[in-house]
Each structure stands twice: as structure tokens, then as C-alpha cells.
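Scroll down for the structure; my scribbles are underneath it.
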Amino acid sequence: MPVSKFTRQFLLNTSLSSLALLTASHATAAPALEEVLVTAQKRSESAQDIPIAVTGVSADMLDKLGFRNANDVSAQVPNMQVSGPYGDVQPIFSIRGVSMSDYSSNQASPIGVYVDEAYLGPVYSHGANFFDIERLEVLRGPQGTLYGKNTTGGAINIITRTPGFSGEGSTYIKGGIGSYNATSLEAGTEAVLIDDVLAARISGSLKRDEGYAEVVGQDTNAAQTDFQGLRLSLNWIINDKLDAILKITKSGNDSLSTPVRHEARTDLRGTGLEGNSNGFIDYIGYSSGTRNLDFHETEANRIGALITNTELTVLTMNYNADNYTITSVSSYMDADYYQMADTDGSPNGLLEITWSSDSVSFSQDLRFTSNFDGMFNIIAGVYYGSEDLYMQNIYDIFDQIPDVRVGIAEPDAIPIFPYLIDFGMIDQRLETKKTTAAVYTQMRFDFTANFGMDFGLRYTEDDSTLSYLNISRLGNDGSPRGSYVPGNTTGTDNAWITLPLTTFDLQNLLTNPTALTNYLQAGYTHGAYTLDSAPRLDAPEQEFTGKLGLDYRFSDDLMVYGSVSRGYRAGSYNGGVYYQPRPIETAYASPEFIDAYEVGFKADMAEGSVRLNGAAFLYDYTNQQFINVVGISNFLENAGGSQILGAELELWARVTERLTLQAAVGVLETEYTELSLANTQTIADQEDRVDLSGNELISAPKLNVSFSADYDLLIVSVRQTHIATAANYAAVVR
């Protein structure tokens with residue numbers, strides 16, 4: 001799995017913090033690690049005091065480690081991977097082996113991403129708010145109690161800076177340079193508009209680079225970044241009990257997309273037709289293995305635009321009583337996405353896809369958080385969220401004639417050749433409406449000063465409606481040729497019906513003579529062209545999830561804990577191409593579930609200068625949503641189950657006042673216990689399946705290690721202005 005290009009190199013980050021009204025104190029006392037406060041359980045607590053696996057990264061740590069975007073997060077978190085197949089703006093997160101195999105824009109990630117407690121549904125919005133960060137929190141494990149959207153893998157909380165009233169506001173300008181002519185500029189400032197009543201903050205970010213993917217024969221590289229973001233934050237103290245924080249963020253990226261890495265899969269070995277193909281070719285006869293390309297070189301012929309725009313508004317209001325708080329978090333987001341992708345990664349016209357999507361969402365979370373003096377405390381609330389998403393994808397298929405050698409190597413492919421020569425394009429349009437309503441609680445029982453229990457329960461009702469679906473065939477010039485959904489009345493869920501030219505077809509006719517009627521209809525299966533929709537589908541779901549955890553403190557510096565929890569990821573409609581209207585049973589993938597069992601410890605040592613946290617866990621993963629790709633068709637299915645067994649350690653050490661070391665290690669043992677997918681080598685036999693049980697999960701490396709060293713080269717204090725220059729190196733081994 002690729003890692004960010006910026007974590008492959010030594011980065012020198014020079015930050016100038018001028019006009020920052022920070023008191024600089026450089027006493028010679030014994031060094032202690034910084035306490036990281038997190039809101040992982042919806043109340044501000046030290047990360048060392050909560051019995052869950054969470055990594056908190058402060059703004060200072062983010063700066064020192066050179067984190068430029070969400071793709072870099074995994075450099076500090078064990079058992080976490082982040083890949084960027086579509087650039088920095090669309091990170092794909094994997095935590096403890098839980099990831100997503102379907103990148104369709106209507107799919108939600110099993111890792112929940114939140115900005116200032118607002119849930120971000122579209123994957124292409126996950127990298128849009130990574131600037132002017134106060135704190136980053138990564139929760140590992142299913143989240144089925146407190147968070148707005150149930151997730152099976154974990155949650156990532158991005159908390160942005162809020163303007164204050166103390167006169168010590170954070171004003172900064174930060175710049176950076178990197179390889180591929182990368183430049184970045186980030187700045188933020190704030191002011192008190194009305195003393196003790198209203199404060200405002202404005203911040204922005206610019207990131208540019210020329211792209212790391214070298215396109216042979218072109219002067220311009222692909223896989224670029226061209227990001228700009230702006231945020232306005234207002235902090236209003238309405239009275240001594242009521243306050244409100246409003247944050248409005250607008251960001252976007254307009255660059256060139258990332259080409260895929262070409263992999264030829266037709267095996268010519270033993271046919272005598274290898275020539276200079278290195279033994280493998282694609283359907284048009286191209287083999288990148290013979291082209292002497294460097295790792296970052298491609299001969300892709302269609303490097304198009306990658307454009308994202310995100311507008312996010314979050315309003316947080318708190319009513320603060322003596323022993324409880326009532327919090328309201330309201331959010332509105334409008335996000336859109338457009339990408340022209342050379343999906344085959346070759347200089348030929350095999351498969352190019354233009355992706356486009358627009359999502360509008362709203363959420364409301366209202367909760368009660370107690371601060372009682374006794375042994376019992378509680379968080380309870382209600383949540384509502386909605387999302388309307390429209391998607392249109394254009395698949396440009398076989399602009400060039402297939403290579404005849406493919407038919408010799410794979411005879412099953414011969415019958416489809418006539419249809420590939422002049423197939424044209426597929427125009428896929430889909431609209432979904434999703435709503436989530438939930439009621440939740442988490443109760444804390446401190447039976448003694450050292451022994452406590454957490455019990456959480458959540459009831460969720462999800463409703464997903466496929467309100468519009470149309471899949472049609474166009475010519476390469478965009479002219480309409482026919483519609484599959486609706487329109488295909490042949491009973492065959494394929495783009496065409498072939499003549500009985502293969503062994504399988506002949507055997508099928510002998511054993512099932514009624515199949516002859518299908519073959520007599522040989523040809524494309526679409527009907528007359530229309531923009532009408534397939535029948536409307538609706539999928540309501542009701543689920544209970546929750547958590548039971550116990551923890552014990554041997555001392556102020558050592559805590560052990562254990563928990564059992566259950567999380568689920570809501571079902572989803574198939575975002576891929578198919579050729580016949582489907583009933584809800586096959587058009588919709590049901591929810592997936594994880595039952596998680598975890599034990600762990602948190603320890604502070606050497607008078608707070610060394611911190612060691614560890615956890616071990618077992619996941620029982622059922623009804624896993626998995627994408628099944630066969631030819632140019634793909635189906636979102638519930639592909640059985642898997643098991644995940646793992647452990648992780650995190651170490652922080654403040655060696656001297658200037659030197660801080662961090663290391664993390666994670667190990668995973670994963671296995672699909674039930675997974676059966678169609679055999680892509682026998683295209684004519686759609687019932688031929690391959691048993692893949694026993695294989696490892698994707699994005700689940702057996703071993704992952706990270707290490708970082710932070711050393712302050714120069715610390716100068718002049719008139720309470722702190723100027724620090726630090727050279728930091730972060731390496732990730734996957």
C-alpha cells in the first residue's frame with residue numbers, strides 16, 4: 001500500500017511563530033512529557049486517563065513532525081495505514097486491518113472522520129480540513145456508542161483551533177518546501193472583538209506541488225496537489241452559562257489526477273506468443289514490464305483534472321450548569337468531486353473513467369454530559385443525520401481493438417471481442433438519500449477510587465433510499481445507443497449475450513436447452529435509450545450496538561483495562577455498474593458488524609518523562625462489505641467474515657529538555673474465514689467462483705513500525721516571543 005510521498009524523505013520544516021503572545025519558560029527542571037487532553041469520550045480528559053486505545057497528537061507535535069495532510073497521520077499511529085490513490089484530498093484510512101475495498105463515491109468509510117464533531121460522509125471530503133489544527137485524535141476499534149455514525153474500524157477526530165479571550169491567542173505563519181517543487185503556506189490569527197464576549201479567528205492554507213508521477217512524453221507531471229482552504233471561527237460567550245462557537249470552512253483542490261499503476265494480467269507464457277511482452281499483456285496488448293519505466297513513471301494517455309470543493313459549517317453551543325453540560329452540535333456540508341482517471345494506466349484506450357459526485361448533508365447532535373460528585377456519571381444524547389448524494393460516472397471502454405493474442409491465451413474471451421470493438425461508453429447515474437437517527441448513552445461507574453466500569457448502548461435507525469438509478473450505453477462521441485437500467489428485459493445481467501462459442505456455452509445448451517432463447521437474442525442487452533429511473537428501493541435498518549469496559553488503577557501512573565464492544569457499518573447500494581434492474585436483495589449490501597475484545601494498559605514512568613501504552617485485541621468481523629470485480633462489472637456484496645488478531649505498543653520518551661523520541665509498533669494476524677468471489681479467468685462462466693477463505697485482509701500488514709525524533713536546535717526567548725527552529729525526521733516502515 002503506497003504511503004505519502006512526503007513521508008519518504010527527510011523534511012526540513014522551518015516555522016516562524018511571530019506575534020504569538022506565548023509566555024516562554026525554559027526552566028531547567030526535570031523534563032516531563034506534555035499531557036495531551038482529548039475529547040474522545042465527549043468530555044475533556046487526559047489521554048492517559050481514559051480506558052480506550054486512542055492516540056492524541058497536539059498541534060505542536062503535528063508541526064514538529066512535519067505532517068502536511070491527512071495522509072501523514074499513520075506516521076504516528078500503530079496499526080494504521082493511509083493510502084492516497086486519488087491524492088491528498090481523498091485519503092483511504094485503514095485501522096487494525098479494517099478498511100474499504102470499494103472507493104465508489106457513494107460508499108462511506110468504516111473509519112469515521114469528524115471535524116469539530118461534525119461527521120464527514122463523502123470520502124473525498126476527508127482531506128479538506130487539515131489545517132490550523134489544535135489537536136488530532138485517532139480512536140482504534142469499533143465506535144458504536146458515542147459517535148454520530150456507527151463505524152467498525154475506528155474514528156479520526158480533527159479539532160481545529162478556537163479563538164480565545166486570554167490574550168495569548170495563536171498567531172502564526174508557517175511555510176514549507178519539499179520535493180517535486182512542493183510549497184506550502186499556512187497562517188492563522190485571531191482577535192478579541194468584544195472583551196470577554198466575542199472573539200474571532202481566521203486561518204488559511206495553500207499547498208502546491210508539480211506531481212510525482214512522470215508521464216512519458218509530457219512536460220507536466222500527474223498526481224499533483226493544488227489546495228487552498230480558508231476558515232472563519234467565532235467564539236461567543238452569550239452569558240455566564242451559555243456559549244456558542246461557529247466555524248465556517250471553504251476549501252478545494254484543482255489539479256491533475258493520479259494515474260493507476262499498470263498491471264498486465266493476460267498470461268502468454270507457454271503459448272509461443274510472448275514476443276517482447278515479458279509474458280503478460282493487457283487486453284490491448286500493452287505490457288508496462290517491458291517499457292523500462294521507473295517506479296514513478298507512467299505512459300498513461302489520459303491524465304485529467306481532479307477537482308474537489310468542500311463547504312463545511314459547524315455550530316457548537318454549550319449550556320454549562322454547575323454539575324452538567326448540555327451540548328448541541330449542528331453541521332451542514334456541501335461537497336463535490338470530479339476526476340478524469342486513466343483507469344488502465346496505459347497509453348491505450350482500454351478503460352478511462354470520469355467520476356463526478358455532489359453531496360449535501362446535515363447533522364444534529366444533542367447530548368447531556370454530567371459532572372456529578374459521586375460514583376456515577378452519564379453521557380446521553382440523540383443524533384440525526386441526513387445526506388443527499390448524486391453521482392454520475394462515465395466509463396469509456398475499448399477505444400482500441402483488442403489484441404488477438406488474448407483470445408488465444410483465454411479462449412473464453414473470444415465471444416466478447418465483437419462487442420468490445422464498438423462498445424462505446426457507459427453513463428451511470430445514481431442518487432441516494434440516507435438518514436440516521438439514534439439515541440445513545442454511556443454510563444460511568446467508579447466503584448472505588450481505583451476500579452471503574454463504562455457501559456454504553458446505542459440504538460440506531462438507518463434508512464437508505466435509492467431514489468434514482470439509470471445506466472445507459474453511449475457512443476464514443478456521446479450519442480445515446482440504449483439503456484440497461486431500466487430497459488434490459490433479457491433476464492441476463494450482462495452487457496451482452498454472446499453466441500455459444502465456448503465449451504461452457506455448449507455444455508450449458510446441452511444441459512439446459514431453454515437457454516437457447518437467450519443465445520437467440522445474442523447482442524447488447526440494453527433496450528431503447530431513456531433517462532427514466534429503475535424502480536425506487538428503500539432499505540430501513542434498526543441496530544443495537546454498545547460497549548462494556550472495566551479498568552483498574554494500580555497507581556496514578558499505571559492503569560489496565562479490558563472491554564467488549566460491538567460496532568456496525570450501515571449498508572449501502574451498489575455503486576458499480578450492472579446491467580439489469582435488481583431487487584433490494586442484490587442491489588443492496590447489508591450492514592457489516594465487528595465484535596471486538598480488547599485488553600490494554602497505560603503507564604507513565606520516570607517521573608512522567610517516559611510513557612508506554614499497549615493493547616491486544618481480537619475482532620470477529622461478519623457480513624463484511626466487499627467489492628467483487630468481474631470484467632467491467634463490479635458488485636458490492638456481503639462477502640462473509642474474517643478474524644483479526646493484533647497487538648500494539650506506543651512509546652514516548654523525553655530524553656532531555658530538547659530531545660523527545662517516539663516509537664510505535666503494531667502486529668496483525670488476519671484471515672478471511674469466508675470469502676467467495678467470481679473467477680475473473682473464466683469470463684463466460686459467471687457462476688464460477690473462487691474460494692478465497694484463508695487469505696489475509698487488504699491493508700493489514702503483519703508488522704508496522706514508526707519512529708520519530710524531535711530535537712530543538714535553537715530556543716530563543718525575546719520579550720515573550722518564542723522563535724524555534726527544529727529539524728525533524730519521521731520514518732514509516734510498512
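The values are calculated or read from the model by the stated rules, or taken from the named source; none is laboratory data. Predicted, not measured: the structure shown is a model, and the values here were computed from it. Backbone-built Cβ (ideal geometry, glycine too); neighbour counts: all protein chains shown. What goes into the accessible areas is simple: the full protein's heavy atoms, side chains included, and nothing from ligands, DNA or RNA. Shrake-Rupley method; radii C 1.70, N 1.55, O 1.52, S 1.80 Å.
Brief remarks on what is shown
- For Glu387, the criteria (1) modelled with pLDDT under 90; (2) buried (at least 20 other Cβ atoms within 10 Å of the Cβ) hold in every case but one, which is (1).
- Qualifying residue in segment 63-83 (condition: touching a Phe, Trp or Tyr at 6+ places or on another chain (Cβ under 7 Å) and within 30 Å of Ser633 (Cα to Cα)): yes
- Some residue of segment 199-216 being charged (D, E, K, R), touching a strand residue (DSSP E or B) at 6+ places or on another chain (Cβ under 7 Å) and under 30 Å from Tyr324 (Cα atoms): yes
- Evaluating Leu645 against the criteria (1) free of Cβ contacts under 8 Å to residues at least 60 places away in the same chain; (2) open to solvent by 10 Å² or more (accessible area, probe 1.4 Å); (3) more than 25 Å from Lys702 (Cα to Cα) leaves one unmet condition, (3).
- Scope segment 73-127; condition within 18 Å of Tyr390 (Cα to Cα) and part of a strand (DSSP E or B); matching residues: Ala108, Ser109, Leu120, Gly121, Pro122
- Residue within segment 374-383 that is farther than 19 Å from Lys247 by Cβ, modelled with pLDDT of 95 or more and in a loop (DSSP other than H, G, I, E, B) present: yes
- Condition broken by Glu687, with the remaining ones in (1) at pLDDT below 75; (2) open to solvent by less than 80 Å² (accessible area, probe 1.4 Å); (3) over 22 Å from Ser99 (Cβ atoms) satisfied: (2)
- In segment 154-190, the residues that are farther than 30 Å from Ile92 by Cβ and open to solvent by 50 Å² or more (accessible area, probe 1.4 Å): Phe165, Ser166, Glu168, Ile173, Thr189
- Residue check, Gly562 touching a strand residue (DSSP E or B) at 6+ places or on another chain (Cβ under 7 Å), at pLDDT 90 or above and open to solvent by 10 Å² or more (accessible area, probe 1.4 Å): yes
- Residue in segment 298-311 that is at negative phi, surrounded by fewer than 16 Cβ atoms within 10 Å (Cβ to Cβ) and not in a strand (DSSP E or B) present: no
Each row is one residue, and each column tells you yes or no for (1) surrounded by 14 or more Cβ atoms within 10 Å (Cβ to Cβ); (2) under 28 Å from Gln624 (Cα atoms); (3) under 27 Å from the mean Cα position of the chain (by Cα); (4) modelled with pLDDT of 90 or more.
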{"site": "Leu509", "(1), (2), (3), (4)": "yes, no, no, no"}
{"site": "Tyr519", "(1), (2), (3), (4)": "yes, no, no, no"}
{"site": "Tyr529", "(1), (2), (3), (4)": "yes, no, no, yes"}
{"site": "Lys547", "(1), (2), (3), (4)": "yes, yes, yes, yes"}
{"site": "Leu558", "(1), (2), (3), (4)": "yes, no, no, yes"}
{"site": "Asp595", "(1), (2), (3), (4)": "yes, yes, yes, yes"}
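- Qualifying residues in segment 465-483 (those that are touching a Gly at 6+ places or on another chain (Cβ under 8 Å) and crowded, with 21+ Cβ neighbours inside 10 Å) - the one farthest from Pro540 (Cα to Cα): Arg473
- Only residues that are among the aromatic types (Phe, Trp, Tyr) and out of contact with any Leu (no Cβ under 9 Å at 6 or more places or on another chain) were counted across segment 592-644, and they come to 2.
- Every residue from segment 563-586 that is in contact with a Leu (Cβ under 7 Å, 6 or more places away or on another chain) and more than 23 Å from Arg473 (Cβ to Cβ): Ser563, Val564, Ser572, Ile584
- Scanning segment 177-206 for residues that are under 27 Å from the mean Cα position of the chain (by Cα) and farther than 16 Å from Lys247 by Cβ yields Ile177, Gly178, Ser179, Tyr180, Asn181, Ala182, Thr183, Ser184, Leu185, Glu186, Ala187, Leu206.
- Taken over segment 614-635, the criterion of being modelled with pLDDT under 85 and open to solvent by less than 10 Å² (accessible area, probe 1.4 Å) is satisfied by Asn628 alone.
- Candidates Leu677, Leu661, Leu692, Leu703: the one that is at pLDDT 90 or above and either touching a Phe, Trp or Tyr at 6+ places or on another chain (Cβ under 7 Å) or surrounded by 15 or more Cβ atoms within 10 Å (Cβ to Cβ) (or both) is Leu661.
- Being touching a residue at least 24 places away in the same chain (Cβ under 8 Å) and either open to solvent by less than 40 Å² (accessible area, probe 1.4 Å) or over 25 Å from the mean Cα position of the chain (by Cα) (or both) holds for only one residue in Leu230, Leu234, and it is Leu234.
- Any hit, segment 246-259, residues being more than 30 Å from Asp336 (Cα to Cα) and either at pLDDT 90 or above or within 22 Å of the chain's Cα centre (by Cα) (or both): no
- For segment 414-423, the set of residues classified as surrounded by 19 or more Cβ atoms within 10 Å (Cβ to Cβ) and of a type outside the set (Val, Ile, Thr) consists of Pro415, Leu420, Phe423, listed by residue number.
- The set of residues in segment 598-636 that are more than 30 Å from Asp344 (Cα to Cα), assigned to a strand (DSSP E or B), small (Gly, Ala, Ser) and in contact (Cβ under 8 Å) with a residue 40 or more places away in the chain comprises Gly600, Ala603, Ala615.
- When residues in segment 342-352 are screened for being open to solvent by 10 Å² or more (accessible area, probe 1.4 Å) and in a strand (DSSP E or B), 1 of them pass.
- The set of residues from segment 128-153 being in a loop (DSSP other than H, G, I, E, B), open to solvent by 10 Å² or more (accessible area, probe 1.4 Å) and modelled with pLDDT of 90 or more comprises just one member, Pro142.
- Filtered by the rule that a residue be open to solvent by 30 Å² or more (accessible area, probe 1.4 Å) and under 22 Å from Phe593 (Cα atoms), segment 442-464 gives Phe455, Leu457, Tyr459, Glu461, Asp463.
- Number of the exception - Val260 against (1) open to solvent by 50 Å² or more (accessible area, probe 1.4 Å); (2) free of Cβ contacts under 8 Å to residues at least 24 places away in the same chain: (2)
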